[in-house]
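A.B. asks: Take this structure first; my questions come after.
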Amino acid sequence: MMFRYDLDAVAATIRERGYKRVALELPEGLRDRAADIVDEVSSKTGCEVFVSCDPCYGACDINDDALAALGCEAIFHFGHTRILARTKVPVHYVEVHIPWDVADLLGKGEHLLDEKVGLATTAQHLHRLEEVKKYLEERGHRVYIGKVKGVLKPGQVLGCSFATARAVKDKVDVYAYIGGGNFHPLGIALATGKKTLAFDPETGTVRDMEEIRDRVLRQRFARIAKARGARKFGVVVGLKKGQRRLGLALRLREKLRKRGMKAYLLALREVVPDNLYPFRKLDALVSTACPRVAIDDAGRFPIPILTPEELDIALGERDWVEYVFDEMPWSASHHQEESR
Ligand code: SF4
């Protein structure tokens, strides 16, 4: 795939700020180009460049403390936009784009859209959103791009926040999501309950999310049902800076204890089945880390793993028809990550 990113701008920032040692955080798809990126940046600046190789799935996961300990004066984080307000060293966000043609892609599914369309996308395609809006408006659609306070740009969604989509929910019949994969459009469909079509510039295809949303909801119902009657819970606390919801975890533990249940606080960076396997004798887990762990990786965990809202259903405090998708409060405030 052809990626576009501006290494001249990276080099200019390094020279302007006088950095002598920096680190790069690259999304998976760019890592096999890491050596070329390092060569170009260091030859243009003379700066020492580290590549952070730990998994990094989002801008919630800036490895600033560890990289600062190596003497890195700044981090260049590719492919995401800023969501963390405070970091140990400055973080510069580098846009990553791929070329695609609006008319080609939208032409494949414009006829499947109803009149009133909500647009949503990720950081990678935000700069094309107005062009998409114009294309659809010229074909008679009324197009809405949701705006919210906080760190999200108009129309931008994260895997853990669909606040911009929800902001226009009452005005639209359908969402058109622009971007690759099912991860984000599935989230829109789950968080809004509305018809969602994914226009994928990477594959040139258009997909309706209805079938996968229904499948995921059935799986969630089965997991919640399995967790009913659980007595021993693990309350998962994410150690990644933007995934830390300690206040929520403590409230959940308290709630479980008050019901006479056992609740253990399990703190970890990577919330993956292998790391939690030793706790398989607990009855269930509830995750306050990345909201998508419970949804997208559920089948890989040996015991049910629920979101906080799903725990309420399992405990009988919320009805299944009130099911809501767990989201991070990025739309509420730029400065909330320490107090969640
Ligand atoms: S919390 Fe999860 S969904 Fe949200 S940005 Fe981080 S990795 Fe992505």
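A.B. asks: List the number of the failed condition for ALA249; all other conditions in (1) small (Gly, Ala, Ser); (2) within 16 Å of the ligand (Cβ to nearest atom); (3) surrounded by fewer than 19 Cβ atoms within 10 Å (Cβ to Cβ) hold.
C.D. replies: The one condition ALA249 does not meet is (3).
A.B. asks: For ALA85, which of the numbered conditions (1) in contact with a His (Cβ under 6 Å, 6 or more places away or on another chain); (2) touching a residue at least 40 places away in the same chain (Cβ under 8 Å); (3) closer than 23 Å to PHE183 by Cα fails to hold?
C.D. replies: Condition not satisfied by ALA85: (3).
A.B. asks: Please find, within the stretch 181-197, the residue that is nearest to the ligand (Cβ to nearest atom) out of those that are surrounded by fewer than 20 Cβ atoms within 10 Å (Cβ to Cβ) and farther than 17 Å from LEU113 by Cβ.
C.D. replies: PHE183
A.B. asks: Related question: Return only the number of the condition from (1) part of a strand (DSSP E or B); (2) more than 16 Å from the ligand (Cβ to nearest atom) that THR203 does not satisfy.
C.D. replies: Looking at each condition in turn, THR203 falls short on (1).
A.B. asks: Considering (1) within 20 Å of GLU95 (Cα to Cα); (2) in contact (Cβ under 8 Å) with a residue 24 or more places away in the chain, say which one ARG142 fails and leave the rest.
C.D. replies: (1)
A.B. asks: How many residues does the stretch 89-108 hold that are part of a loop (DSSP other than H, G, I, E, B), more than 17 Å from GLU202 (Cβ to Cβ) and under 22 Å from the mean Cα position of the chain (by Cα)? Spell out how you get there, then give the answer.
C.D. replies: Of the residues in the stretch 89-108, the ones part of a loop (DSSP other than H, G, I, E, B) are 89-90, 95-96, 98-101, 108.
Filter again for more than 17 Å from GLU202 (Cβ to Cβ), leaving 89-90.
Next, only the ones that are under 22 Å from the mean Cα position of the chain (by Cα) stay: 90.
Residues flagged as part of a loop (DSSP other than H, G, I, E, B), more than 17 Å from GLU202 (Cβ to Cβ) and under 22 Å from the mean Cα position of the chain (by Cα) within the stretch 89-108 amount to 1.
A.B. asks: Please state which one of ILE295, ILE303 is surrounded by 14 or more Cβ atoms within 10 Å (Cβ to Cβ), touching a Leu at 6+ places or on another chain (Cβ under 8 Å), in the same structural domain as GLY234 (by TED's automatic domain parsing) and farther than 21 Å from LEU158 by Cβ. Even if it seems obvious, please write down each step before you answer.
C.D. replies: Values: ILE295 fails: farther than 21 Å from LEU158 by Cβ.
Result of the check over ILE295, ILE303: ILE303.
A.B. asks: Could you check ILE14 against (1) at pLDDT 95 or above; (2) outside the structural domain of CYS60 (by TED's automatic domain parsing) and say which number it fails?
C.D. replies: So ILE14 meets the others, but not (2).
A.B. asks: If you take the residues in the stretch 211-224 that are under 17 Å from VAL321 (Cβ atoms) and free of Cβ contacts under 8 Å to residues at least 12 places away in the same chain, which one is nearest to the chain's Cα centre (by Cα)?
C.D. replies: Applying the filter and picking the extreme gives ASP214.
A.B. asks: Also, I was wondering about something else. So which residues in the stretch 139-186 are of a type in the set (Ser, Thr, Tyr), within 20 Å of ALA294 (Cα to Cα) and in a helix (DSSP H, G or I), if there are any at all? Give the steps one after another, and end with the answer.
C.D. replies: Going through the stretch 139-186, the residues of a type in the set (Ser, Thr, Tyr) turn out to be 144, 161, 164, 175, 177.
Retained after the next criterion (residues that are within 20 Å of ALA294 (Cα to Cα)): 161.
None - no residue of the stretch 139-186 is of a type in the set (Ser, Thr, Tyr), within 20 Å of ALA294 (Cα to Cα) and in a helix (DSSP H, G or I), so the list stays empty.
A.B. asks: Conditions: (1) in contact with a helix residue (DSSP H, G or I) (Cβ under 8 Å, 6 or more places away or on another chain); (2) of a type outside the set (Phe, Trp, Tyr); (3) under 17 Å from LEU105 (Cα atoms). GLU202 meets all but one. Number of the miss?
C.D. replies: (1)
A.B. asks: Can you name the condition, by its number, that LEU119 falls short on among (1) assigned to a strand (DSSP E or B); (2) surrounded by fewer than 22 Cβ atoms within 10 Å (Cβ to Cβ)?
C.D. replies: Going through (1) assigned to a strand (DSSP E or B); (2) surrounded by fewer than 22 Cβ atoms within 10 Å (Cβ to Cβ) one by one, LEU119 breaks only (2).
A.B. asks: If you don't mind, there's one more thing I want to ask. May I ask you to verify whether VAL157 is free of Cβ contacts under 8 Å to residues at least 60 places away in the same chain, assigned by TED's automatic domain parsing to the domain that holds GLY193 and over 23 Å from the mean Cα position of the chain (by Cα)? If you could, list the steps in order and put the result at the bottom.
C.D. replies: Values: free of Cβ contacts under 8 Å to residues at least 60 places away in the same chain: yes; assigned by TED's automatic domain parsing to the domain that holds GLY193: yes; over 23 Å from the mean Cα position of the chain (by Cα): no.
So VAL157 does not fit the description; no.
A.B. asks: Which residues, counting only those in the stretch 8-62, are part of a helix (DSSP H, G or I), more than 16 Å from the ligand (Cβ to nearest atom) and among the acidic types (Asp, Glu)?
C.D. replies: As a first pass, look at the stretch 8-62 and keep what is part of a helix (DSSP H, G or I): 8-17, 28-45.
With the extra rule that they be more than 16 Å from the ligand (Cβ to nearest atom), the set shrinks to 8-17, 30-45.
Of everything in the stretch 8-62, those that are part of a helix (DSSP H, G or I), more than 16 Å from the ligand (Cβ to nearest atom) and among the acidic types (Asp, Glu) turn out to be ASP8, GLU16, ASP32, ASP36, ASP39, GLU40.
The values are calculated or read from the model by the stated rules, or taken from the named source; none is laboratory data. This structure is a prediction, so every number in the text was calculated from the model and none was measured. Positions of Cβ are generated from backbone atoms using ideal geometry, with glycine treated the same way; all protein chains shown enter the neighbour counts.
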